[in-house]
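Visitor: Here it is, the structure in full.
The values are calculated or read from the model by the stated rules, or taken from the named source; none is laboratory data. Keep in mind that what you see is a predicted model, and the values were worked out from it rather than measured. In this analysis, Cβ positions are derived from the backbone assuming ideal geometry, glycine residues included, and neighbour counts consider all displayed protein chains. Note: accessible area is taken over every heavy atom of the protein model, side chains too, but ligands, DNA and RNA are not part of it. Shrake-Rupley method; radii C 1.70, N 1.55, O 1.52, S 1.80 Å.
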Amino acid sequence: MKRIGILSDTHAYWDEKYLTYFEPCDEIWHAGDIGSLEVAEKLAAFRPLRAVCGNCDGGDLRRMYPERLRWRCEDVDVLMTHIGGYPGNYDARIRSTLYASPPQLFIDGHSHILKVQFDKTLNLLHINPGAAGLQGWHRDRTLVRLTIEGNKMSDCEVITLGTR
């Protein structure tokens, strides 16, 4: 069993609440627009970090983190990228991959819009954790926690960190 903390769009903003809410987690997954090496290093020092670079991430972060990651967590096939769209309206950069070989869990960021939605067409869970940073037009800063055990996902929690 693994407890996962998921966030996106920190845009170089650090909040100690990340560590508070990720305390029970085994891993942290960041869906891009990290914004600074400092944020990535603080998260990675706290828990194992899987991350993708976002469209606003600079050279160092682009060298450290790929645009797309695919791996297995327990028995769940996970795909994470920064710009992904939504069920029924996936971004052209990821659409063919999703339809050719759908993961069980698809995570993205970019929109700053929190969304946890099951895609019945592709039989996958889509999670966009919203934005955890201050930059952008979102009102509330959010992150998500999820439990993965074997091939089951459960205990999905949306956490509001406060207003922007």
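Visitor: Express the carbon and sulfur contribution to the solvent-accessible surface of the stretch 1-96 as a percent, rounded to the nearest whole number, probe 1.4 angstrom. Write out the running numbers ahead of the final one.
Guide: Values: 2070 of 4280 Å².
Solvent-exposed carbon and sulfur of the stretch 1-96 make up 48 percent of the total.
Visitor: Another question about this same structure. Keeping to pairs on different chains or 8 or more places apart, tell me how many lysine pairs in the chain have Cα atoms under 27 Å apart.
Guide: Counting lysine pairs in the chain gives 10.
Visitor: Less than 17 Å from a label point 7 Å out along the Cα-to-Cβ axis of L134: which backbone N atoms in the stretch 150-164 qualify, by residue?
Guide: Output list for this probe position: 161-164.
Visitor: Separate question: Using a 1.4 Å probe, what is the accessible area per residue for the stretch 121-164, in Å²?
Guide: Numbers: 2020 Å² over 44 residues.
Result: 46 Å² per residue.
Visitor: Hey, could you get me the Stokes-Einstein D for the stretch 1-51, Kirkwood radius over alpha-carbon pairs, 10 °C and 1.306 mPa s, rounded to whole µm² s⁻¹?
Guide: Details: Rh = 10.7 Å.
In µm²/s, the coefficient is 149.
Visitor: Using the Cβ atoms and a cut-off under 15 Å, what net charge is assigned to the surroundings of A131, where Lys and Arg are +1 and Asp and Glu are -1? Intermediate values should be presented prior to the final figure.
Guide: Details: positive: K17, K115, R139, R141, R164; negative: D9, D15, D33, D57, D108, D140.
Net charge in that neighbourhood comes out at -1.
Visitor: Output the direction-averaged projected area (hull surface divided by four) of the convex hull of the alpha-carbon atoms of the chain, in nm².
Guide: Details: hull surface 33.9 nm².
The directionally averaged projection comes out at 8.5 nm².
Visitor: Starting from the alpha-carbon convex hull of the stretch 7-84, give the projected area averaged over all orientations, in nm². Each step should come with its number before you reach the end.
Guide: Working: hull surface 19.8 nm².
Here the figure is 5.0 nm², rounded to one decimal.
Visitor: Another question about this same structure. Name the GluC sites (Glu not before Pro) in the stretch 1-67 that are in a loop by DSSP and that have at most 13 other C-beta atoms within 10 Å, would you? Provide the component values of the computation, followed by the final result.
Guide: On the way: sites: E16, E27, E38, E41, E67; in loops: E16, E67.
Hits after loop and neighbour filter: E16.
Visitor: What is the local net charge at R164, summed over the other residues whose Cβ is closer than 15 Å to its Cβ (Lys, Arg +1; Asp, Glu -1)? Provide the component values of the computation, followed by the final result.
Guide: Working: positive: K17, R139, R141; negative: D9, D15, D33, D140.
Summing Lys/Arg as +1 and Asp/Glu as -1 gives -1.
Visitor: I would also like to ask the following. Okay, helix-only estimate at 222 nm for the chain: each DSSP H run of n ≥ 4 adds -39500 (n - 2.57), divide by all residues, round to 500 deg cm²/dmol; what do you get? Walk me through the numbers before you get to the answer.
Guide: Details: 4 runs with 31 residues, N = 164.
Here the helix-only value at 222 nm equals -5000 deg cm²/dmol.
Visitor: Report, by chain and number, residues whose modeled amide H sits under 5 Å from the one on A51, excluding near sequence neighbours (fewer than 5 apart, same chain).
Guide: H30
Visitor: For H112, what is the net charge nearby, where nearby means another residue's Cβ is under 13 Å from its Cβ and Lys, Arg count +1, Asp, Glu -1?
Guide: Working: positive: K115, R139, R141, R164; negative: D9, D33, D108, D140.
Summing Lys and Arg as +1 and Asp and Glu as -1 gives 0.
Visitor: Sorted by average packing, counted as other Cβ atoms within 10 angstrom per residue and highest first, what order do 6-14, 121-129, 145-153 take? Intermediate values should be presented prior to the final figure.
Guide: Values: 6-14: 24.2, 121-129: 19.9, 145-153: 16.6.
Result, highest mean Cβ count within 10 Å first: 6-14, 121-129, 145-153.
Visitor: May I pose another question? Under the √(5λ) rule applied to the eigenvalues of the Cα gyration tensor, what semi-axes describe the equivalent ellipsoid of the stretch 62-136? Give them in Å, descending. List each step's numbers first, then the result.
Guide: On the way: eigenvalues 72, 46, 31 Å².
Value: 19, 15, 12 Å, ordered largest first.
Visitor: Give me a comma-separated list of calculated 3J(HN,Hα) values for the stretch 50-59, in order, Karplus coefficients 6.51, -1.76, 1.60 applied at θ = phi - 60°, integers in Hz, x for any Gly or Pro.
Guide: Each residue of the stretch 50-59 in turn: 10, 8, 10, 7, x, 5, 9, 7, x, x Hz.
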